[in-house]
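The values are calculated or read from the model by the stated rules, or taken from the named source; none is laboratory data. Please read these numbers as outputs of a predicted model, since none were measured by experiment. Cβ atoms come from the backbone with ideal geometry, glycine included; neighbour counts cover every protein chain shown.
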Amino acid sequence: MAAPFRIGTGAGFSADRLDPAVALAREGALDAMLIECLGERTLAFGHRDRRLDPQRGYNAWLERRMRALLPPCRENRTTIVTNMGAANPSAAADRTVAIARELGLHGLVVACVEGDEVTDLLDPDTPFMDEEGTLRDVGLPIVGANAYLGADALLPALEAGADVVIGGRIADPSLAVAPLARHFGWRPDDWDRLGAGTLVGHLLECGMQVTGGYFADPGMKDVPDLARCGFPIAEVGADGAAIITKLASAGGSVTPLTVKEQLLYEVHDPRRYLTPDVTADFSAVSVTAEGRDRVAVGRAGGARRPDGLKVTVGFEGGYLAEAGVSYAGANAVGRGRLAAAILEERMREVHGIQGPIRIDLVGVNSLFATAGTPGAETEDVRVQAALRSTRREDAETLLWEVEAILCCGPAGGGGFRGQITPSVVTRSCLIDRERVRPRLRLEVA
């Protein structure tokens, strides 16, 4: 039998740790490494950053990641496939080439995959994908819109021999499906194998979620050496069945339970998990322990891919203001509630601000307030206020009023902190895949 294809995770979100990826690049004997760094808000912020500087808009940690990972990946012939390009794949690819040259990695081939930017293809009356209304109803300026590209957009780069493939809004599991399809020669309509590859990508895409990181709950679900938790590896066969594992030297654990938790993550209908590559079917997936930190997965299937591609549309969200003060000791909750009532009254009636304002008592009801679940009484609370507004003056007023609470009462407030940051809002819609035209550019270091 042919040796399994080894693919590992180098990141599962935009600010993920670097050292587990370096360890995998050096010790994992990987054929490919996927580096997944893109969420909806991350992409919208990337568009905002690119507007401020045409050379920005890609992942903020790209340079540090590439400096650390390019040498061992080149030495071990590991292909890097990533969506770190975010809103500016071209600049990300150019920076990667420059880093490779600085490191003396001459001949390294970097592929830039573009075409996911579809802002100009959308109409204000485009309906939302999963809620009532249209883009026009948001009433905010669009900063950018990107379609989720699939494995078919990445395959030409891999077929051209790219050592590094950098794209923007590539669907998370497609980062794994593409190198698997290339290696095993899967047909573009081999839905069962593409479904199996999508399962592999889905299990890898969130990094430590499948090696015990997000699984951990002390006393309930203990995970060893969590401070040095490793990233996952998949050993994949030609049929898409795989073993999920990790480096023996890394912390964390891979068990049927860690795999099942990640398997269910963000999967609303296991029979119809929609991606650009396939309508995957996870309903009959088998999860079996094969030894210490080795879990076999198989029996994923698939059907024809959707005709439309999901699009994330980012909007300017105005200013986000957040500020808080703390109360401790006897009747801390009562004083905190009084402070919250004063803030609400002054913002509404004195300053006339009618937009949404949220005021929480952290320690009593901050995380459960949305669900209306009552919290326990405590002697240590923090009044935390927030608002979003297109007017900076409104944001500044909130900070002013929260700080004033310290001396204007009620008694015993302290520890004021406040900040104003730009914000974004995202919505999703669909676009006919035939309207989206991926583009490939190759550059050699």
Close pairs (7 angstrom Cβ cut-off, 6 or more residues apart or separate chains): under 14 Å from I7 (Cα atoms) and hydroxyl-bearing (S, T, Y) in segment 187-201, assigned to a helix (DSSP H, G or I) and at pLDDT 95 or above anywhere: T198/V177
Checking A339 against (1) in contact with a helix residue (DSSP H, G or I) (Cβ under 6 Å, 6 or more places away or on another chain); (2) at pLDDT below 90, only one condition comes out false. Which one? (2)
State all residues of segment 106-117 that are surrounded by fewer than 21 Cβ atoms within 10 Å (Cβ to Cβ) and either modelled with pLDDT under 95 or out of contact with any Asp or Glu (no Cβ under 6 Å at 6 or more places or on another chain) (or both); if no residue qualifies, say none. H106, G107, E114, G115, E117
Any idea how many residues of segment 229-243 are assigned to a loop (DSSP other than H, G, I, E, B), crowded, with 24+ Cβ neighbours inside 10 Å and on the phi < 0 side of the Ramachandran plot? 3
Would you mind finding the one in R392, R417, R435 that is modelled with pLDDT of 95 or more and surrounded by 14 or more Cβ atoms within 10 Å (Cβ to Cβ)? R417
I'd like the residue in segment 307-331 that is in contact (Cβ under 8 Å) with a residue 60 or more places away in the chain and not in a strand (DSSP E or B) and, out of all such residues, is nearest to the chain's Cα centre (by Cα). D307
Has segment 3-15 got at least one residue that is charged (D, E, K, R), surrounded by fewer than 24 Cβ atoms within 10 Å (Cβ to Cβ) and not in a strand (DSSP E or B)? no
Tell me which residues, restricted to segment 326-350, are surrounded by fewer than 18 Cβ atoms within 10 Å (Cβ to Cβ) and closer than 8 Å to E379 by Cα. A328, G329, A330, N331
Please work out which one of (1) surrounded by fewer than 18 Cβ atoms within 10 Å (Cβ to Cβ); (2) within 27 Å of the chain's Cα centre (by Cα); (3) at pLDDT 85 or above is the condition D360 fails and give its number. (1)
